[in-house]
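Let me begin by presenting the structure, written as structure tokens, before commenting on it.
The values are calculated or read from the model by the stated rules, or taken from the named source; none is laboratory data. Everything quoted here is computed from the prediction, not taken from an experiment. Cβ atoms come from the backbone with ideal geometry, glycine included; neighbour counts cover every protein chain shown. SASA here: full protein model, heavy atoms, side chains in, ligands and nucleic acids out. Shrake-Rupley method; radii C 1.70, N 1.55, O 1.52, S 1.80 Å.
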Amino acid sequence: MPELETDLDRLLAEDVPMLDLRAPVEFIQGAFPASTNLPLMTDDERAQVGTCYKQQGQQAAIELGHRLVAGEVREARLQGWLNWLNEHSNGVIYCFRGGLRSQTVQQWLADAGRPVARVKGGYKALRRRLLTELEQGFAGPGFVLTGLTGSGKTDWLARSPLSLDLEGYAHHRGSSFGHWGEPQPTPINFENRLAIARLKQRQAGIHGWLVEDESAMIGRCPVPLPLYERMQQVPLLLLEVPFEQRVQQIRHDYVETMQRHFNDDFDRLESYLQDSLKRLYKRLGDREWRRLSEIVSDAVRQQQAGFGCGAHEEWIATLLGAYYDPIYARHQAAKADRIVKRGEAEELAEWLAQQPEAKISQPE
């Protein structure tokens with residue numbers, strides 16, 4: 001096994017298991033989907049070493065680190081790393097820059113009879129590679145899928161190998177009702193997921209790309225600027241769906257799916273729907289918001305009593321017709337000249353599959 005792993009693209013595109021030795025606070029801010037955090041030092045220990053470094057220099061900080069992670073503490077952490085490596089035989093290790101922390105753990109593991117490669121440049125090098133992917137990976141031809149709210153754009157995207165699910169990476173469906181009632185990834189982790197997905201595409205010979213029409217923010221995750229700027233330039237595909245079908249799609253996405261997501265906890269479901277509706281308070285005005293809020297509550301009660309989800313369609317249809325559709329019409333007017341194809345789901349899928357940008361070449 002090599003001492004240093006230098007093929008960053010392979011690590012990222014093949015989801016090679018990576019053992020992150022940084023402190024928990026560093027890991028929380030940003031990491032990679034295939035990484036596991038088993039730190040060399042806790043947050044408090046890292047802070048102590050950092051203070052010592054500033055006040056007394058590197059050698060004193062190293063000596064303090066060895067005192068803090070010694071004896072039973074060292075043995076317990078070493079056993080944790082060995083257990084992880086037993087489950088991930090092809091795993092690698094890294095710290096922030098591929099420096100002292102990962103070198104130390106690498107030596108301890110070698111002494112324990114378990115050699116392992118560490119990533120050259122560590123987290124910083126991997127992160128820099130993904131930032132480069134975001135800068136360069138969308139320079140080629142692409143498409144943006146647009147359509148009225150409730151058109152089922154996210155479901156349609158899955159039909160094409162060109163597609164990148166921005167909402168999936170952001171764990172948010174991109175609207176007032178788009179949150180899942182749980183935290184989103186950090187902006188860094190959102191970027192990492194997206195960049196890895198694009199890297200995998202390009203390595204598979206997929207040069208074109210396709211994303212859903214999004215605002216600059218998906219919940220609390222900003223769309224990376226290089227991609228967002230390209231989204232304002234590339235051709236648009238317009239998915240056309242009848243109004244009633246869109247009502248049914250919204251009911252499925254935000255009522256039925258969320259009922260399952262909350263394990264039939266109707267209190268949580270109503271709280272989710274009411275919180276989402278509250279985000280539209282200023283646009284709806286007090287009277288209309290209160291009216292729709294009562295309809296939502298009544299619909300949940302009927303749902304809980306076993307009468308199905310049909311009562312939700314009243315507030316859904318109102319929001320689509322009176323709120324979402326007018327906003328979309330205003331935004332779409334400025335983009336009309338970029339629409340290269342419009343139609344129903346099958347028609348769009350057949351058209352896109354015939355485009356040169358959708359052809360898959362030999363992998364890079």
ask   = Considering Ala333, Ala299, Ala311, which residue is surrounded by fewer than 17 Cβ atoms within 10 Å (Cβ to Cβ) and of a type in the set (A, V, I, L, M)?
value = Ala333
remark   = Per the filter on region 77-127, residues open to solvent by 10 Å² or more (accessible area, probe 1.4 Å), out of contact with any Cys (no Cβ under 7 Å at 6 or more places or on another chain) and within 21 Å of Glu63 (Cβ to Cβ) are Arg77, Leu78, Phe96, Arg97, Gly99, Leu100, Gln103, Thr104, Gln106, Gln107, Trp108, Asp111
message = Pull out all pairs, ordered by first then second residue, where Cβ-Cβ is under 8 Å, the residues are six or more apart or on different chains, the first lies in region 312-326 and is within 15 Å of Gln249 (Cβ to Cβ), and the second is open to solvent by 30 Å² or more (accessible area, probe 1.4 Å) and basic (Lys, Arg).
response = His312/Arg251; Glu313/Arg251; Ile316/Arg251
query = Would you call Gly142 under 30 Å from His331 (Cα atoms), within 28 Å of the chain's Cα centre (by Cα), modelled with pLDDT of 95 or more and surrounded by 20 or more Cβ atoms within 10 Å (Cβ to Cβ)?
reply = yes
request  = Quick one: count up the residues across region 165-188 that are under 27 Å from Tyr123 (Cα atoms) and open to solvent by 30 Å² or more (accessible area, probe 1.4 Å).
outcome  = 10
key: Failed item, numbered, when Gly98 is tested on (1) under 24 Å from Leu199 (Cα atoms); (2) modelled with pLDDT of 95 or more   = (2)
request  = Search region 209-236 for residues that are touching a residue at least 40 places away in the same chain (Cβ under 8 Å) and pair each with any residue that is aromatic (Phe, Trp, Tyr) and in a loop (DSSP other than H, G, I, E, B) when their beta-carbon atoms are under 7 Å apart and the residues are at least 6 apart or on different chains.
outcome  = Trp209/Phe138; Pro226/Phe138; Leu227/Phe138; Arg230/Phe138
query = Restricting the first residue to region 342-357 and requiring it to be at pLDDT below 90, which pairs with a second residue that is not polar (S, T, N, Q) meet a Cβ separation below 6 Å and a spacing of at least six or different chains?
reply = Glu357/Pro141; Glu357/Gly208
task = Having 1 or more residues that are acidic (Asp, Glu) and out of contact with any strand residue (DSSP E or B) (no Cβ under 9 Å at 6 or more places or on another chain) is the bar; report the helices (runs of 4 or more DSSP H) wholly within region 84-173 that clear it.
result = 100-111, 122-136, 153-157
